[in-house]
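Read the figures in this text as sums done on the coordinates, not as results from a lab. Please read all numbers here as calculations on a predicted model, not as lab measurements. Glycine also receives a Cβ, built like all others from the backbone with ideal geometry; neighbour counts cover every protein chain displayed.
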Amino acid sequence: MIHSPYVRKPVSVQRTMGLVLLALVPGIVAHALVIGAGVLVNLAISTITAVAAEALMLHLRKRPVGIAVADLSAVVTAWLVTLCFPPIVPWWLTVCAVLVAIVAVKHLYGGLGQNPFNPAMIAYCSMIVAFPALMSQWPPAGHLSFDTQLSLILGGPRDIDGITGATALDALRTGLRSGTQTVDTVLKGSAFGALGGRGWEWVSIGYVAGGLFLLAMRIITWHMPVAFIGVLAAISGLFWLVDPAGFASPLFHLASGGAMLAAFFIVTDPVSGATTPRGKLLFAGGIALIAWLIRNFGAYPEGIAFGVLLMNMCVPLLDMKTQPRVFGHRHDIEGGGK
Amino acid sequence: MFTAILVMAGIAIVLGLTLGYAAIRFKVEGDPLVEKIDAILPQTQCGQCGFPGCKPYAEAIANGEADINQCPPGGEEGVRKLADLLGREFKPLSEEHGVEKPKSIAVIDEQVCIGCTLCIQACPVDAIVGAAKQMHTVVEPLCTGCELCVAPCPVDCIAMVPVAETVQTWKWKYPVVEIRKAA
Amino acid sequence: MIGRLFKFHGGIKPDAHKNESSGGAIRKAPLPARLVVPLRQSARAGAACIVAVGQRVLKGERIGEPEGFLGTGVHAPTSGTVAAIASCPMAHPSGLETPCVVIEPDGEDRWIEHAPFDYRAASRDEALAWLRDCGIVGLGGATFPSHVKLGRGSGIETLILNGAECEPWITCDDRLMRERAVDILAGANILRELIGARELVVGVEDNKPEAVAAMQAAAVGTPTRVVAVPALYPAGGEKQLIRVLTGVEIPYGKLGGDYGVRCFNVGTAHAVYRAFIHGEPLISRIVTLTGNCETPGNWEVAIGTPVADLLALARPKADTDRILMGGPMMGFAMPRLDVPVVKGTNCIISASPRLFPPAPPEQPCIRCTECAKACPVELQPFELYWHSRSKNFGKAQEYHLFDCIECGCCTYVCPAHIPLVDYFRFSKSEIWAREREKTAADQARERFEFRNFRQEREKAEKAAKLAAKAAETRAKLAEAGTAEAPAAADAPAAEDPKKALIAAALARAKAQKAEIQPQNTDNLSPQTQAEIADIEARRKVLEAVAATPAPQAAEAAAAPDEPRS
Ligand code: SF4
Ligand code: SF4
Ligand code: SF4
Ligand code: SF4
């Protein structure tokens, strides 16, 4: 017997995930045009791997394969993994990363909706720990021909210094650590553009456009992007005002690395993120804070991934402590669990 | 290197102390185990477990003298709860103690009753009223369905009648989950 | 406070589908061949039958006497003969049966004598009793008795009249307001006086401009405010409407009385008007017949009309696969069609797979919080779902499961197509069942322990008595000089006669089983025995005549016992 309600809104997980993919397109186009088309090859590799891994895992777990693959969640994960990797990583690295994300993080925890950690971020962290060199070879914008990129991706010989450079964040960090340079002198280097890494501004703008689209479609709420961007800007701005020579400007931080990708697509992952309005603010704000700390004082140039994972761990607590006030319960701040 | 070890050790000590303090400070003054077990038992007081009532069975479980799967009225769910409470492995109800049945209550055929009072003495919860040589009757809401009064009745006038579902006791069913492929 | 409207969280905007049935005027439904009037009008309230099979009843004659705190009167919807008093399926998702009075109309539709009730001349209690006896309950669907809802008659500032009708498809209140606005306001003002409220506010969703206009026209020159509230499901939920109109939020488990507001449905106000001004009990209501049918519309239907008879008026199309009672958001599919229309039946929808496609299969929750965004009570449905699904009911309650009004908004928006409300209904009824079990278990434990205590005490008393007696005997014996008389011998002696008695009873019972007649006539006084013989003789005669001698036999048996004990 089917019970009420007998009418449903025409929505589905597939539609949600499809819109997320659509929203990633402007960023990807900018990426392919400005940095190089290699990213498209890696996207294809990761998509195929993800779908295959998803189907295999569903089959092993005796779940209906068709409907769950069609929900596109694996494709979203695959794209996010690829987009936060350097676009010229060898194919097997992408495959490994996607397998980690889909098999270990998603399905071993019980499949869609059950994973406490962001799959893409676990993939990123495990790869940067395992293959630090490969994971920090970013091609300068428009520097490599598509053929070179393709050969690198297919595992061709890597003449590291000749073809790749450090990212803006990396260069800044090494520069400042050497003790001889200030922010200004570092930023004069060839890796830097008007705001952050040269060329990457355009990619960031693409992501912002996609993010605004998601906001307009009500797939994500404003809480997470606003808190993430706000906290990152606030804390970097504070230190920059105090010591402009030792700390980069907020604009630099926002335009560098995967900040915009994170703000709209990674932090907002619904499954592993906080769910209450206040929880979302704290969650995204916390990530921004940790990311900034790691960028400035940590061992890795980019800290968003670690921030996401650390905050993922706090999600149950955040959710529990920020339960919204239920209709009519005026002073019920404690909310849910005790 | 040495500093790192010191720091780690220091952190460990501090955390250990905090935990230890918390364990004492926030200790839950729980009911004694017997009470907790007794709270799970259905209080049918039927004795099918081999003990004269739920409390004695609870005591036996607490003392390790009885297994957790001997109470048929509690059913599988009861065993599961006991297993949870005691941190033991779940096991199906033991056959020798009986099987789970739908809840019933005793009804005395008042035409046949001779008023011998034997059922009153058998009833563990005083749910039967009547006096010597008077017709007896079961107070429905008090009857636990233990069946203990059935056997003693010399004229076999007590029957166990399953409790019918009413609008007040009707329950919504667990929604059908369609995710899992039929195995 | 003029005109200021408040908002509640969430809400959804499903397709309204009001136009199908709102066009035509209310028509009177023909009387069916049999009316099935349930004595129980809701899960909580019932009535005691006061008619007998074969009895002639007049229209409006009381056939059920209110029972209990929440009971209200039940009346014959037309004149006719009581054909049966039997269990019939009730308008409830369970399809369980309930005692009903089946009336065969005689076609005359003759009223019992009735007169208006002057509530101003009577005391407030009398007026409330009149409402109860007229069987007035909330017609919005919950069928809560109005006389109970009117409460103490103090502390209420604002009386709200609920004409929001936010559920899709339903238009019965809309039509009623368009056609009988004056009567509704008259009834509402009686309610306002009875409850002692200062102001009367009518809330109507703004997708019913004609109803708003009609109500406003009827309210011209009175202090009554008719407010068009934004159409947003579930704005017609009592607490949601109170929130929208006054800003007051009433938590779960509380009635508006503590907050100075009360809310009645427009249909209820109309029934109140009929009850006081015309002296008519509640025997009919407006029902919307709509959905996948040829002739949708609104009908004035006698309570007790079987749904199957009504459907003939709407003529469902061939591909109709289910019939829903109530709206599509909170109604239910009827398990069978001989269910009668009851006081809470506002709508009957013919459903087809085209209009109400079956929900796609359930997928895992992705925690997208769409449901939380839509929930008018600001719950976190996915958390509730998580705990309900794993039957972790304690946790579900901590997340305020019981605040859920089962409006269905969360299920409506869920992209994973999870039937969230079904889980919540399941959890709630499971928790209630457990509470019942727990109360029963606690009571059993207490009684068991008391019995053990009593047995111990009796044993102790007996032992003490025995010891005293033994000592006494011993003393006596010692006095008499006789040697050792074992005191312990007393006990078996005491047991033995008991056993003998039981044996005797057994023998008697055997005889009794053969012919169900108490024969425990030994050791009675000759006089009583003569009496019994007399009775016996009479019974023999009776047995020959009547088929049911048993009750008399039991009485006869009980009588001679009395002087003995
Ligand atoms: S078997 Fe009967 S007496 Fe024993 S614990 Fe269960 S209900 Fe109580
Ligand atoms: S045991 Fe049987 S005969 Fe005796 S009092 Fe009870 S019901 Fe009556
Ligand atoms: S709307 Fe559905 S999928 Fe989204 S959080 Fe709620 S239950 Fe989960
Ligand atoms: S059914 Fe309950 S949980 Fe769902 S939206 Fe309505 S009130 Fe909220």
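Odds and ends about this structure:
- Normalised by residue number, the volume inside the convex hull of the Cα atoms of region C:93-238 is 177 Å³ per residue.
- Take the Kirkwood radius over Cα pairs of region B:32-97, plug it into Stokes-Einstein at 10 °C and 1.306 mPa s, and you get 141 µm²/s for translational diffusion.
- Cα point-scatterer Debye curve for region C:1-140, base-10 log of I(q)/I(0) at q = 0.10, 0.12 Å⁻¹: -0.51, -0.69
- Efficiency of FRET from Cβ geometry, C:Ile85 and C:Lys459, R₀ 60 Å, rounded to 0.05: 0.70
- Per-residue ellipticity at 222 nm computed for chain A from its helices equals -17500 deg cm²/dmol, with DSSP H segments shorter than 4 residues left out and the rest contributing -39,500 (n - 2.57).
- Under 14 Å, Cβ to Cβ, from A:Leu215 - net charge with Lys/Arg +1 and Asp/Glu -1: +3
- Charge sum, other residues only, whose C-beta stays under 11 Å from C:Glu199's C-beta, Lys/Arg counted +1 and Asp/Glu -1: +2
- Whether region A:227-313 is rounded, prolate or oblate, judged on the alpha carbon gyration tensor where a/c under 1.5 counts as rounded: prolate
- Dmax and Rg, reported as Rg then Dmax, of region B:104-162 (C-alpha, Å): 9.7, 28
- For B:Glu76 and A:Ala133, a Förster radius of 60 Å and the Cβ-Cβ distance give a FRET efficiency of 0.55, rounded to the nearest 0.05.
- Shielding value for C:434-440 is 3, the average number of Cβ atoms from other chains within 10 Å of each residue's Cβ.
- Segments A:306-318, C:106-118 sorted - mean Cβ within 10 Å per residue, highest first: A:306-318, C:106-118
- Label-point gap, in nm, between A:Thr221 and C:Asp442 - each point 7 angstrom along Cα→Cβ: 3.8
- Taken residue by residue and averaged, Cβ atoms of other chains lying within 10 Å of the Cβ of A:7-20 number 6.
- Once the gyration tensor of the Cα atoms in region C:339-384 is diagonalised, the equivalent ellipsoid follows with semi-axes of 30, 19, 9 Å, ordered largest first.
- Within region C:334-362: backbone nitrogen closer than 19 Å to the C:Lys317 label point (7 Å, Cα to C-beta): C:348-359
- Convex hull of region C:289-362 built on C-alpha atoms - directionally averaged projected area, nm²: 5.1
- A protection proxy built from the mean count of other Cβ atoms within 10 Å ranks the segments C:401-411, C:318-328, most packed first, as C:401-411, C:318-328.
- Cα gyration tensor shape for region A:44-143, rounded if a/c is under 1.5, else prolate or oblate: prolate
- Here the calculated FRET efficiency for C:Ala468 and B:Ala164, from their Cβ-Cβ distance with R0 = 60 Å, stands at 0.70, rounded to the nearest 0.05.
- Listed pairs A:Lys280/C:Lys208; B:Lys103/C:Lys391; A:Lys9/C:Lys428; B:Lys36/C:Lys395; B:Lys133/C:Lys438 exceeding 29 Å between Cα atoms: A:Lys280/C:Lys208; B:Lys133/C:Lys438
- Amide H contacts under 5 Å for C:Ile63, placed H, 5+ residues apart: C:Val74, C:His75, C:Ala76
- Around the amide H of B:Ile105, modelled in the peptide plane, lie the amide H atoms of B:Val161, B:Val163, all under 5 Å away and 5 or more residues distant in sequence or on another chain.
- Directionally averaged projected area (convex hull, Cα atoms, chain B), nm²: 19.5
- Distance from the C-alpha centroid of region A:239-257 to that of region C:68-113: 80 Å, rounded to the whole angstrom.
- Comparing C:Ala122, C:Ser146, C:Ala29 along the charge dipole axis of region C:29-154, the residue lying farthest to the positive side is C:Ser146, per the Cβ-charge model.
- Number of partner chain Cβ atoms within 10 Å, mean per residue of A:108-119: 2
- The mean of 1/r over all distinct Cα pairs in chain A, once inverted, gives the Kirkwood hydrodynamic radius of 20.8 Å.
- One compactness figure for region C:71-154 is 1.35, namely its Cα radius of gyration divided by 2.2 N^0.38 Å.
- Whether region C:252-329 is rounded, prolate or oblate, judged on the alpha carbon gyration tensor where a/c under 1.5 counts as rounded: oblate
- Springs join every pair of Cα atoms under 10 Å in this Gaussian network model of chain A, and among A:Phe283, A:Phe264, A:Phe247 the largest mean-square fluctuation is at A:Phe247.
- Cα-Cα pairs of region C:359-473 separated by more than 17 Å (percent): 65
- Across all Cα pairs in region B:62-155, the calculated P(r) in 5 Å bins from zero up to the longest distance comes to 2, 13, 19, 16, 13, 12, 11, 8, 5, 2, 0 percent per bin.
- Whole-Å distance, taken between Cα centres, linking region B:31-68 and region C:121-183: 53
- Rounded Å value of the spacing that divides the Cα centres of region C:261-334 and region A:1-30: 37
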